[in-house]
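The values are calculated or read from the model by the stated rules, or taken from the named source; none is laboratory data. Remember, predicted model here, so these are calculated numbers, not experimental data. Here the Cβ is made from the backbone with ideal geometry for all residues, glycine too, and neighbour counts use every protein chain on show.
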Protein chains: 2
Amino acid sequence: MPLTITSLFGIPLIQPGDNLVDLIRTALARTGITLQDGDILVLAQKIVSKAEGRLVNLAGVKPSERAAALGAQIDKDTRLVELVLQESREVLRTRPGTVIVEHRLGFVCANAGIDHSNVAGSGNEDEEWVLLLPEDPDGSAERIRRGLEGACGVRLGVMIIDSHGRAWRQGTVGMAIGFSGMPGLVDLRGTPDLFEYTLRITQVGAADELAAAASLLMGQAAEGTPVVHVRGFPYPLREGSFMELLRPREQDLFR
Amino acid sequence: MPLTITSLFGIPLIQPGDNLVDLIRTALARTGITLQDGDILVLAQKIVSKAEGRLVNLAGVKPSERAAALGAQIDKDTRLVELVLQESREVLRTRPGTVIVEHRLGFVCANAGIDHSNVAGSGNEDEEWVLLLPEDPDGSAERIRRGLEGACGVRLGVMIIDSHGRAWRQGTVGMAIGFSGMPGLVDLRGTPDLFEYTLRITQVGAADELAAAASLLMGQAAEGTPVVHVRGFPYPLREGSFMELLRPREQDLFR
């Protein structure tokens, strides 16, 4: 069975309080997709964060001493640095304009995933608004999944993704920041390979592989489509959490 | 247009010297796919390496002093360590059983991508054979692309992928190690977003996103399918090289 990933038509600009389940159902109908058991819906972080009201007006943020010092050091808005620090457990590296942190959710990313682009404000204050990641992306995915499953009577997975940079390689790629009803890791260890060897390094980051695939279709600019539908995910659905994908700090050679 | 990724049926076990272009054309016909302009074929590294005869019998490898010392330190076959060192520019980290290196091709990976599984030998010597990465994966992709384009009269991309581990996150994901006729990075910097901001961090690792997507369908065990067909890649094809994806060492905070 092929893996088919389809952008949904007609997801409007999201406002705080919007009901994503209803919007996704409408967009699925417009796109001509009837959900089936085993389908997965992948959402860009931005629309989940906006629906959940995670917009912050920088004008109301007062930088701590630590944020002021770090902001001066790396030439970055100290109010934004304050929010980055509030959203993070630990600063791993800094360079001009960028702070690489362990986010409070546990993953490593730049600037705590706080986004300046695609964020609307009101009139002249546009540039003051930034968008934090969802409070609890696994929980957000779970709620959306339950809403869609209840409405459509099928067994689904739902995933929320963001575009992250990486060590060693250029270019952002889509990565899972939360999901429900699907595996994060698929463990093939112990599976005999074609020559009856037992496979060794075969924990597959299946959710991240799908996040990257979905990200390809989302784009990031004016043409962006923030929800995509996936059919043909090749692994069985099960309960899962993005925390499966986090490498324990003590096993990480690159902190 | 949806992104559709399809496993090809009927790729046999590959032997040194096999003509991958012919095998892929046969498999495409069996799968019922007629190539179109803009399609991409993604190949697992293993079949390219095998076709190119990159098998090495460990019984014939003599470890250097350096390999012997490192192998003893991390409890790993010193002959394999010798090959890892030969295939690498630099050792970045070590832990029991694993050497994280900068491969001679420029990317960072574990054990120089040398694979013990899915490698056939003869009789009792099975376990002695290992498989190195292709000499020049961009060049391999280029040759396969030209062969397919010539035979089929269409404009294609061809990519070779491997499963790599990552800093910070668990699970391997498919990554590009070589390609031809397609972009590695897509630069959206300067594109206005929905609110007329200019996007900031928007170099997308498009080839790696597609590699991850293709890897989902390849599996790694007995059911593996080493070639997948992609239709609907959302960015224009152009000439490209996997070297676009390599972060220059001096810009890398995680070496």
>> Would you confirm, using the coordinates I've provided, whether B:Val101 is assigned to a strand (DSSP E or B), within 27 Å of A:Val186 (Cα to Cα), modelled with pLDDT under 95 and within 12 Å of another protein chain (Cβ to nearest Cβ)?
In response: no
>> Name the single residue that is farthest from B:Val204 (Cα to Cα) among those in segment A:202-225 being modelled with pLDDT of 95 or more and more than 7 Å from chain B (Cβ to nearest Cβ).
In response: A:Ala207
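Here's the yes/no breakdown for (1) buried (at least 20 other Cβ atoms within 10 Å of the Cβ); (2) under 25 Å from A:Asn57 (Cα atoms); (3) at pLDDT below 95; (4) among the β-branched types (Val, Ile, Thr):
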| position | (1), (2), (3), (4) |
| --- | --- |
| A:Val81 | yes, yes, no, yes |
| A:Gly157 | yes, no, no, no |
| A:Ser163 | yes, yes, yes, no |
| A:Ala167 | no, no, yes, no |
| A:Ser180 | yes, no, no, no |
> Would you say B:Gly232 is more than 21 Å from B:Ser163 (Cβ to Cβ), modelled with pLDDT of 95 or more, in contact with a Leu (Cβ under 7 Å, 6 or more places away or on another chain) and facing chain A (nearest Cβ under 9 Å)?
Replying inline: yes
> Which residues, taken from segment B:132-156, are assigned to a helix (DSSP H, G or I) and farther than 22 Å from B:Gly38 by Cβ?
Replying inline: B:Gly139
> Could you give every pair whose Cβ atoms fall below 7 Å, whose first residue belongs to segment A:239-255 and is over 24 Å from A:Ser140 (Cα atoms), and whose second residue is aliphatic (A, V, I, L, M), counting only separations of at least 6 or pairs across chains?
Replying inline: A:Asp252/B:Ala167; A:Leu253/B:Ile100; A:Phe254/A:Ala167; A:Phe254/B:Ala167; A:Arg255/A:Leu92
>> If I ask for residues that are among the β-branched types (Val, Ile, Thr), closer than 19 Å to A:Asp208 by Cα and in contact with a strand residue (DSSP E or B) (Cβ under 6 Å, 6 or more places away or on another chain), which ones from segment B:167-194 would you list?
In response: B:Thr172, B:Ile177
> Looking at segment A:166-189, which of the residues that are among the aliphatic types (A, V, I, L, M) and assigned to a strand (DSSP E or B) is farthest from A:Glu149 (Cα to Cα)?
Replying inline: A:Val173
>> Being of a type in the set (A, V, I, L, M, F, W, C) and over 21 Å from B:Ala213 (Cβ atoms) is the filter here; which residues of segment A:144-166 pass it?
In response: A:Ile144, A:Leu148, A:Ala151, A:Cys152, A:Val154
> So which residues in segment B:7-18 are within 18 Å of the chain's Cα centre (by Cα) and under 16 Å from B:Thr34 (Cα atoms), if there are any at all?
Replying inline: B:Ser7, B:Leu8
